[in-house]
1. How many of the residues making up segment 87-110 are more than 21 Å from Ala165 (Cβ to Cβ) and open to solvent by less than 30 Å² (accessible area, probe 1.4 Å)?
2. Considering segment 1-18 alone, what residues qualify as being open to solvent by 60 Å² or more (accessible area, probe 1.4 Å) and either in contact with a Ser or Thr (Cβ under 8 Å, 6 or more places away or on another chain) or in a helix (DSSP H, G or I) (or both)?
3. Hey, could you check segment 39-86 for residues that are part of a loop (DSSP other than H, G, I, E, B) and buried (at least 19 other Cβ atoms within 10 Å of the Cβ) and say which is nearest to the chain's Cα centre (by Cα)?
4. Any residue in segment 30-38 that is touching a helix residue (DSSP H, G or I) at 6+ places or on another chain (Cβ under 6 Å), more than 30 Å from Leu149 (Cβ to Cβ) and part of a loop (DSSP other than H, G, I, E, B)?
5. At pLDDT 95 or above, out of contact with any His (no Cβ under 9 Å at 6 or more places or on another chain) and either part of a loop (DSSP other than H, G, I, E, B) or aliphatic (A, V, I, L, M) (or both): does that describe Ala94?
6. Inspect segment 148-171 for any residue being touching a strand residue (DSSP E or B) at 6+ places or on another chain (Cβ under 8 Å), among the acidic types (Asp, Glu) and modelled with pLDDT of 95 or more and give the result as yes or no.
7. Out of everything in segment 111-159 that is small (Gly, Ala, Ser) and within 23 Å of Ala20 (Cα to Cα), what residue ends up being surrounded by the fewest Cβ atoms within 10 Å (Cβ to Cβ)?
8. Being farther than 19 Å from Phe184 by Cβ, at pLDDT below 95 and open to solvent by 20 Å² or more (accessible area, probe 1.4 Å) is the requirement here; does Ala34 meet it?
Amino acid sequence: MSGAFLHTIFDIAAWLAAAAAVYWLSRQGLRFPAQSFELPYIAALVFGAGLGAYLFGSVNLWLSGQSGIARSVEGALAGGIVAIELYKWTAGIAVRTGARFALPLALGVAIGRLGCYFAGLDDFTYGTATALPWGHDFGDGILRHPVQLYESAAMALFAQLYVLAVVNRNAFVITNGFYLVLAFYGAQRFLWEFLKPYGPLIEPFTLFHLLSLSILLYAAVMLATARQARPMHERAAA
């Protein structure tokens with residue numbers, strides 16, 4: 001079974017898991033902002049995420065001395081954030097609309113990164129050489145950091161903690177879950193970038209180092225300016 005085929009299988013699994021997460025959250029007695037399911041909102045999100053995925057993925061490929069077109073999960077995330085904030089600004093939407101996407105994002109990344117791992121060298125998401133016992137040979141005879149698995153495990157951990165928070169009706173986590181997952185994602189991604197063979201943009205930082213810091217800063221600002229969450233009851237808003 002080819003790496004590309006396995007990557008596709010896990011991509012599909014990631015989308016299905018994200019959809020299942022949305023459904024599960026809808027059964028927990030929570031009310032999320034209606035704007036996040038409106039067609040213009042979804043259109044802006046899809047456009048921004050698609051543009052960001054290919055733009056940042058391809059630029060990083062070029063900075064690393066390789067040709068071609070590539071996609072990036074982090075690029076999609078950044079592009080989606082910018083597109084949605086612009087859309088909300090032009091549409092006069094002041095309410096924060098990302099709460100329902102925290103768990104779907106965490107699960108999607110956790111499962112999708114497994115596809116990157118099985119895709120091998122062609123995916124260009126592998127790590128640098130390592131002598132650690134869990135180093136993986138992706139086909140070039142070099143034991144490398146399986147950074148895809150590092151990221152998958154990190155995001156799976158966040159998903160578990162988020163589910164526990166929902167079950168326990170943690171108002172702060174439910175209301176600010178999207179910004180919490182962004183902060184967590186940006187922090188862990190920043191660390192893993194030191195273990196990747198990407199070309200630097202500003203020594204020693206790569207494009208994705210800077211993108212991770214940008215996402216982390218955005219999340220920090222949104223969390224710092226969030227209203228105090230009230231105790232969650234069965235029909236509390238998120």
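1. Qualifying residue count, segment 87-110: 1.
2. Restricting attention to segment 1-18, the residues satisfying the condition of being open to solvent by 60 Å² or more (accessible area, probe 1.4 Å) are 1-2, 4-5, 8-9, 12, 15-16.
Once the filter is applied, which keeps residues that are open to solvent by 60 Å² or more (accessible area, probe 1.4 Å) and either in contact with a Ser or Thr (Cβ under 8 Å, 6 or more places away or on another chain) or in a helix (DSSP H, G or I) (or both), segment 1-18 yields Ala4, Phe5, Thr8, Ile9, Ile12, Trp15, Leu16.
3. Of everything passing the filter in segment 39-86, Ser72 is nearest to the chain's Cα centre (by Cα).
4. yes
5. Numbers: at pLDDT 95 or above: no; out of contact with any His (no Cβ under 9 Å at 6 or more places or on another chain): yes; either part of a loop (DSSP other than H, G, I, E, B) or aliphatic (A, V, I, L, M) (or both): yes.
In short, no.
6. no
7. Applying the first criterion (small (Gly, Ala, Ser)) to segment 111-159 yields 112, 115, 119-120, 127, 129, 131, 135, 139, 141, 152-154, 156, 159.
Okay, now just the ones that are also within 23 Å of Ala20 (Cα to Cα), so 112, 115, 152-154, 156, 159.
Working: Gly112: 24, Gly115: 24, Ser152: 21, Ala153: 13, Ala154: 21, Ala156: 17, Ala159: 23.
For segment 111-159, the residue satisfying everything is Ala153.
8. On the way: farther than 19 Å from Phe184 by Cβ: yes; at pLDDT below 95: yes; open to solvent by 20 Å² or more (accessible area, probe 1.4 Å): yes.
Considered against the rule, which asks whether it is farther than 19 Å from Phe184 by Cβ, at pLDDT below 95 and open to solvent by 20 Å² or more (accessible area, probe 1.4 Å), Ala34 comes out as yes.
The values are calculated or read from the model by the stated rules, or taken from the named source; none is laboratory data. Here the structure is a predicted model, which is why all the values come from computation and not from measurement. In this analysis, Cβ positions are derived from the backbone assuming ideal geometry, glycine residues included, and neighbour counts consider all displayed protein chains. When the accessible area is computed, the model is the full protein with side chains, heavy atoms only, and any ligands, DNA or RNA have been set aside. Shrake-Rupley method; radii C 1.70, N 1.55, O 1.52, S 1.80 Å.
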